[in-house]
Number of protein chains: 4
Amino acid sequence: MDFAFDAVTEGYRRRLLAFMDEHVYPAEHQPDLGALQRAARELGLWNLFLTGEHGAGLTNLQYAPLAEIMGRSPSIAPAALNCAAPDTGNMELLAGFGTPWQQDRWLKPLLDGRIRSAFCMTEPEVASSDATNIATRIERDGDQYVINGRKWFATGGMSPRCEIFVVMGRSDPGGPRHRQQSMVLVPRDTPGVTVVRGLHSFGYDDGDHGGHAEIEFADVRVPAEHLIGGEGDGFAIAQARLGPGRIHHCMRLIGMAERALELMCRRVTARVAFGRPLAEQGVVQDWIAGSRVRIEQARLLVLKTAWLMDTVGNQGAHTEIQAIKIAVPSTVEWILDRAIQAHGAAGVSQDTPLAALWSRARTIRIADGPDEVHRRSLARRELRRFSQ
Amino acid sequence: MDFAFDAVTEGYRRRLLAFMDEHVYPAEHQPDLGALQRAARELGLWNLFLTGEHGAGLTNLQYAPLAEIMGRSPSIAPAALNCAAPDTGNMELLAGFGTPWQQDRWLKPLLDGRIRSAFCMTEPEVASSDATNIATRIERDGDQYVINGRKWFATGGMSPRCEIFVVMGRSDPGGPRHRQQSMVLVPRDTPGVTVVRGLHSFGYDDGDHGGHAEIEFADVRVPAEHLIGGEGDGFAIAQARLGPGRIHHCMRLIGMAERALELMCRRVTARVAFGRPLAEQGVVQDWIAGSRVRIEQARLLVLKTAWLMDTVGNQGAHTEIQAIKIAVPSTVEWILDRAIQAHGAAGVSQDTPLAALWSRARTIRIADGPDEVHRRSLARRELRRFSQ
Amino acid sequence: MDFAFDAVTEGYRRRLLAFMDEHVYPAEHQPDLGALQRAARELGLWNLFLTGEHGAGLTNLQYAPLAEIMGRSPSIAPAALNCAAPDTGNMELLAGFGTPWQQDRWLKPLLDGRIRSAFCMTEPEVASSDATNIATRIERDGDQYVINGRKWFATGGMSPRCEIFVVMGRSDPGGPRHRQQSMVLVPRDTPGVTVVRGLHSFGYDDGDHGGHAEIEFADVRVPAEHLIGGEGDGFAIAQARLGPGRIHHCMRLIGMAERALELMCRRVTARVAFGRPLAEQGVVQDWIAGSRVRIEQARLLVLKTAWLMDTVGNQGAHTEIQAIKIAVPSTVEWILDRAIQAHGAAGVSQDTPLAALWSRARTIRIADGPDEVHRRSLARRELRRFSQ
Amino acid sequence: MDFAFDAVTEGYRRRLLAFMDEHVYPAEHQPDLGALQRAARELGLWNLFLTGEHGAGLTNLQYAPLAEIMGRSPSIAPAALNCAAPDTGNMELLAGFGTPWQQDRWLKPLLDGRIRSAFCMTEPEVASSDATNIATRIERDGDQYVINGRKWFATGGMSPRCEIFVVMGRSDPGGPRHRQQSMVLVPRDTPGVTVVRGLHSFGYDDGDHGGHAEIEFADVRVPAEHLIGGEGDGFAIAQARLGPGRIHHCMRLIGMAERALELMCRRVTARVAFGRPLAEQGVVQDWIAGSRVRIEQARLLVLKTAWLMDTVGNQGAHTEIQAIKIAVPSTVEWILDRAIQAHGAAGVSQDTPLAALWSRARTIRIADGPDEVHRRSLARRELRRFSQ
């Protein structure tokens, strides 16, 4: 057992921290994404999330502390390094399950940062955390697939740069429970596709990553070669995509928590009430200690989960991935709440990043499966250990 | 001791509940405030908040359950009945401390719902929960007062219908701690007044009540008769204004909580996941029971506080006013959080009122003094009982 | 609506508070129960819990603040006034459902404080919160009932003064779900009755009320006239007994919380660490404010519940009785925990009453149905309001 | 970074797990400590806690998972392996600061498990978390030290096998703040030493480790060579002793939590209420998931802290030692509370180890400095990072 970072990680951390100081923080109020991406690329800070040949070749354990640092400025840094959701998940999906033609057509421009993508899974009418509820139809008709249905909270879908939708739907409603779904690639400009509106999250339209779209698919036709994997592979591919997606969220959330704690410490040191700095109030100290202790624990669990993914695979790390999905967003929400309170009215306003960060953390407690579903599932696995 | 409403209250409740069903809920998506106000006025549902001759003559205890009902639709109902903050507090202030001329000039149109007003107390640069921190200057110059300073989170100040600002400032920096402040009436169109921008609250610009304004006062001159009360009365008047303001917030918050609980119950009854309605999940039942139990306790404390204000005065109810300010917003925030979670992605979006209600409840934990200040003060009074 | 006590209540409160100061607190370390009971009886402070002719004739609402005061010294005061569980519940049961012969034989000496009693409901082998699980058999055999089974946590059952057991068992296992149970009176010295051992609660043997007994009934025979009510009435009688029992627990718990808060305030005022009294630590102030706010809310809910029992009956107050059973013990546990922490090592020791009080509060979260059962039931009733 | 145990640790873990199954669990109801110790010693499971030549030579990181396993049966296993507090801390102290004579006289028999010891630091009259409050006097008189004062919560002090007290007192009240204290070795049978009474912890007298003693020192005289270190070294030695002591507590607490979770899972699988096993109740599943997620995080923080102590020293690990002292006991208390609730009445009784384990965890939130002191100190260090 060893808790020190390896040399590769340390090297990337140093470069990334410098990049944050020189390029990201100063640009937070008016970012020029193109310039940031060029700078990141020159420094070799590009596609760090992607294991294997297509990406930087880092392990999950090596990537985790880098994603954390990007999470300190989550509207800018991940996009600047081409490590932003949902493109990361979609690139992993295409790298792992796409055909050479699909990779050439969509993975390549995504890896280059030239286009963006959206993942269309959640539906407004059903509890999508139970994937077997999904109602959108994907039907074979000759050498085409016909898609009908309505998706929402397709993150990034409002962006004009978003060119491709990965759509999950039901191709075989009578098949075995986890073989009913398929996944197809639907270009945004396909006839029958309508981006209906953007969904808000606590008043924010999440403009930075293009917003959460509601999208209607009405008799949308795509060639059969747009199918990802085989028919009936949809559920398995979605599971494969969501594991890394969840840990990436958690890595970035740790960074958001560190940012919040730093802002809180700076604020309470500078702000005076009733004759002394807020930093001398016992209650405020309690928030700070509580934040630090929670961050340390959450980070270690994320790192161990990354290590498990590297050593025993995503499936072997299933319990831990659920554990961080349960633990980290609510922990970071707690920290952000205290940081907001320490800032008074400024904390809820646009003058600090805190309220927007809070809205992100809170929303992740619902996205990719609400906390409750993960808790139930984790408990059942725990119980199985003792049930005979 | 008796927990039943009196006949007057019951009569108002019946009429108000009918008004909500017939006029308010159906208008929530596209309210016509003018029509709503006319309808409310015809039904005698007008200025219910105001005790004494200027208003409906209800006691605080009689008003409390009515304010709760309005709170079920807080963006519309209070405004429809001319019971919306911050005008309520400003009308109480003018009714209690205004000169006949001031009352004729501003209280009358406010009572008529013809204009709106803002209360300018909080400042961006200092911890305003400690009123002695206030830096804005109000200086006598001949028969005028000259105001210099910067205020923010002046609720309602962005509305074009907002014609008058009640401004708190320091008139005698060398005077006794609680006699340094004065309060003046500043018409919005006075030279030197600049409404700089609107402040957001978790992404919401709070358009319904005109938004929270940041306002600059640069050598603003008003006639001496714009002073409310006497010089040095500012702190006392502010305290007198804030007590009722706090209980009004709490009354409405109870209604918001009831609305959230109702929406949660409806949602979980209708929504199916993993083969059964969410309503059958033990964790969801736990939220519902927890919400009901918390609401009942919070409401009773608000009602008792109203009764104390009626029987022993606002000063005698000081501890209880602090107690509800501590207890109610955080309780209602808790309930709203569960209602949001029960709605999944819809809960954070614009498709339910929940996220916006949450943002209100959360913000009230900071407004009119953060929780921490009230807790400290209440604890000190409790300790005094045992300290010799 | 009116939050003031009536004159009768105020009179009793004055006398009881004086009795506590003069007789109870000074005797806490070495109580002489006989002397205390004589003093209480002389002052007319006797059987206050019992509504109707047999008792003092107070309403539940009048009794509530008196029970609260007794709760400040729960090992002594209730027993001194003959208002201690489980005798209170057993006396109510005999007063309401006993035959004249049963009342003469057992109610009379109980009302006189000459004997004590136990209620034998919970069984070690089954989840007794679901009364239909009860396995103890009560079978008719000629003019006798034969009892076989094992009960535990029969509070008071270890006391040598405990002469009578009220035993719940199954008389008709094939009958309708809530008509299978009956209740019989079993004198302690009946052949076949074995008091096996005392159960502890967090290390305490609860000696003051005679301890929680485990009791075996092996072919125990009692005359048929020992049946309470009719065959099959057991479930209904138990429900009737438990409602008042639960509110009595909650009333006393409020008093325990007040005692804890007072001890905490005194301690932190006197104790100095790091150069100033603990009372000046913000975190400690937070505990005190939180305790006060929680107590006020909990008390009001208990009082309203008592009022409902008086005005619409125990059945009409069902939801509220569950609400206080959910809210009050956990709230008081929270307060006791802080009071303990404020006392440091002394708080967990025998040098303050706090640890023992904590153990009581914690245990009540399980007794008379665990919190979870009440929460589930309350939620279901709430959901029913919205389910069509 | 690597989360796998090394081979040495794995070997010890295997042997210790077997020892628990074969010797400890079966003996829990009636342990024969002598036999257990002989068996442990034969298996090389002896003095594992002690780094360096005197002990097994394990690192803290290697010892942590072993202490965790012992913590599953904390009344027996640590004593069986001669790894029980407070002897562990006293042995470390003697190994690190004792003279050869002191080591020969007391460390040797302690390492052999022939005698036991107590650490006398806390005093009833002052807040001992602030070591400068300590009032006990240690005064030089010729070639003797004279000790006067009163200590309490001297764990183990009630045991007849406890032969030696390590006593902290003030030798130079006028000296610099952290040089006023000294530490001396006082044999239990020295004239003037009176073991006054045993202190309880929530009703438990903690018989297993000999109970918490209150001890009076009245003109107690010991030879000057009983001084540990030099005069004025008391504070520094105490700090050196407490760091490892705290992590040992936390390691064992993790084991207690695992034991509680296992008991909870077994119970809810076996117990039926309302027609199905408790294990199928959503709320119970929530407890189980919450317990697992909390345990994983707490354990990782303990392990990282052990690694830091090994790599950068106890001083370098100061923040992390405080972090685990803050996080672990309260976390484990939370888990034990749920396990108790899942067991119903049995949970608070002597029929499961849960209530006694709970009392241990709760008490540790006060012992070795209450949570609040550690939180304040940790917050201040965090704030220092940002205060320019």
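The values are calculated or read from the model by the stated rules, or taken from the named source; none is laboratory data. These numbers were taken from a predicted model, which means no experiment stands behind them. Every residue, glycine among them, receives a Cβ derived from its backbone with ideal geometry; neighbour counts consider all protein chains shown.
Numbers below:
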| item | result |
| --- | --- |
| Leading residue by the ranking (farthest from the chain's Cα centre (by Cα)) among those in the stretch B:69-91 that are polar (S, T, N, Q) and closer than 20 Å to B:A356 by Cβ | B:S73 |
| Count of residues meeting criterion [more than 7 Å from every other protein chain (Cβ to nearest Cβ) and either buried (at least 21 other Cβ atoms within 10 Å of the Cβ) or in a helix (DSSP H, G or I) (or both)] in the stretch B:369-379 | 4 |
| One residue from C:V193, C:V220 being touching a residue at least 60 places away in the same chain (Cβ under 8 Å) and touching a strand residue (DSSP E or B) at 6+ places or on another chain (Cβ under 7 Å) | C:V220 |
| Unmet criterion (only one of (1) surrounded by fewer than 20 Cβ atoms within 10 Å (Cβ to Cβ); (2) touching a residue at least 24 places away in the same chain (Cβ under 8 Å)) for A:A342 | (1) |
| The stretch B:51-68, residues that are small (G, A, S) and under 17 Å from the mean Cα position of the chain (by Cα) | B:A64, B:A67 |
| From D:M251, D:M264, residue being of a type outside the set (F, W, Y), at pLDDT 95 or above and closer than 17 Å to D:D337 by Cα | D:M264 |
| Residue within the stretch B:94-101 that is modelled with pLDDT of 95 or more, surrounded by 24 or more Cβ atoms within 10 Å (Cβ to Cβ) and in a helix (DSSP H, G or I) present | yes |
| Residue check, B:R114 surrounded by fewer than 18 Cβ atoms within 10 Å (Cβ to Cβ), over 23 Å from B:K151 (Cα atoms) and not small (G, A, S) | yes |
| Restricting the stretch B:131-175 to residues that are charged (D, E, K, R), in contact with a Pro (Cβ under 9 Å, 6 or more places away or on another chain) and in contact (Cβ under 8 Å) with a residue 40 or more places away in the chain, the residue that is farthest from the other protein chains (Cβ to nearest Cβ) | B:D143 |
| Qualifying residue in the stretch D:328-337 (condition: touching a residue at least 24 places away in the same chain (Cβ under 8 Å), in contact with a helix residue (DSSP H, G or I) (Cβ under 6 Å, 6 or more places away or on another chain) and of a type in the set (D, E)) | yes |
| Test result for D:R384, touching a Leu at 6+ places or on another chain (Cβ under 9 Å) and closer than 22 Å to A:V283 by Cα | no |
| Selection within the stretch B:216-247 - among the aromatic types (F, W, Y) and either within 14 Å of chain A (Cβ to nearest Cβ) or in contact with a His (Cβ under 8 Å, 6 or more places away or on another chain) (or both) | B:F235 |
| Those residues of the stretch D:339-388 which are of a type in the set (S, T, Y) and under 30 Å from D:A317 (Cα atoms), in sequence order | D:S359, D:T363, D:S377, D:S387 |
| B:E262 farther than 30 Å from B:W287 by Cβ, surrounded by fewer than 24 Cβ atoms within 10 Å (Cβ to Cβ) and among the charged types (D, E, K, R) | no |
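Condition check ((1) closer than 30 Å to D:D32 by Cα; (2) of a type in the set (A, V, I, L, M); (3) outside the structural domain of D:V302 (by TED's automatic domain parsing)) across all residues:
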position	(1), (2), (3)
D:S182	no, no, yes
D:I215	yes, yes, yes
D:P223	no, no, yes
D:R252	yes, no, no
